[in-house]
Amino acid sequence: LSYAYHEGDELFKAYPKRFYVLGVFSALSMAQGMAWFTFAPAVQVTKTDFPHVTDETLTVLDAWSPIMYIPMAFVVSWMLMQTMGLQNVVQLGAILGFLGSLARCMALFDAESETSVWWLHAGQAL
């Protein structure tokens, strides 16, 4: 699956591993998008399960996605320009996504307390 073409004096090659990393990145992005928007369609259920969650809290929970996109875009761009490479950036994103999902799950252990809201915010921010 190696593809090469010439542009001027330079030779560009596309390796299968790059497409694998791109596929993993796409799947992780889709999973993270679904995790970020878990609270929007289930407002009443979330309020029932987490008594300390208000409408304003749900709005902020859904807003973490665009809020975190801005600073993380600069961080990821810097990481890609360094020698880290796309594979390491995707791995870091997968780890942060896992930790965010884990924090959202931690909120379920003590859903009646106010600390569960902080777990939800931490999970959404990661």
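The values are calculated or read from the model by the stated rules, or taken from the named source; none is laboratory data. Computed from a predicted model, the values in this text were never measured in an experiment. Glycine also receives a Cβ, built like all others from the backbone with ideal geometry; neighbour counts cover every protein chain displayed. We work out accessible area using only protein heavy atoms, side chains counted, and drop any ligands, DNA or RNA first. Shrake-Rupley method; radii C 1.70, N 1.55, O 1.52, S 1.80 Å.
Given Cβ point charges of +1 (Lys, Arg) and -1 (Asp, Glu) and nothing else, what value in debye, to the nearest 20, does the dipole of segment 13-74 about its Cα centre take?
600
Probe of 1.4 angstrom, ligands and nucleic acids ignored: what's the accessible area per residue over the chain, in square angstrom?
Heavy-atom SASA per residue in the chain reads 70 Å².
Tell me, what % of the accessible area of segment 22-68 is carbon and sulfur with a 1.4 angstrom probe?
74
³J(HN,Hα) across segment 109-126 via Karplus (A = 6.51, B = -1.76, C = 1.60, θ = phi - 60°), whole Hz, x for Gly/Pro?
Per-residue couplings from phi come out as 5, 9, 5, 7, 8, 6, 5, 5, 5, 5, 4, 4, 5, 4, x, 5, 6, 6 Hz.
Within the chain, which is the longest segment that contains none of the GluC sites (Glu not before Pro) sitting in a DSSP loop with at most 11 other Cβ atoms within 10 Å?
That would be 1-111.
Mind putting a number on the dipole of the chain about its Cα centre? Charges go on the C-beta only, +1 for Lys and Arg and -1 for Asp and Glu, and I need it in Debye to the nearest 20.
Result for the chain is approximately 440 debye, rounded to the nearest 20.
State the answer as a single residue: which of Phe109, Leu99, Leu28 lies farthest towards the positive end of the charge dipole of the chain, with beta carbon charges of +1 for Lys and Arg and -1 for Asp and Glu, about the Cα centre.
Looking along the dipole axis, the top candidate is Leu28.
Given contacts defined as C-alpha pairs under 8 Å and at least six residues apart, what's the relative contact order of the chain, whole-number percent? Before the final figure, lay out the partial values.
Details: 98 pairs, mean separation 30.5, N = 126.
Relative contact order of the chain: 24 percent.
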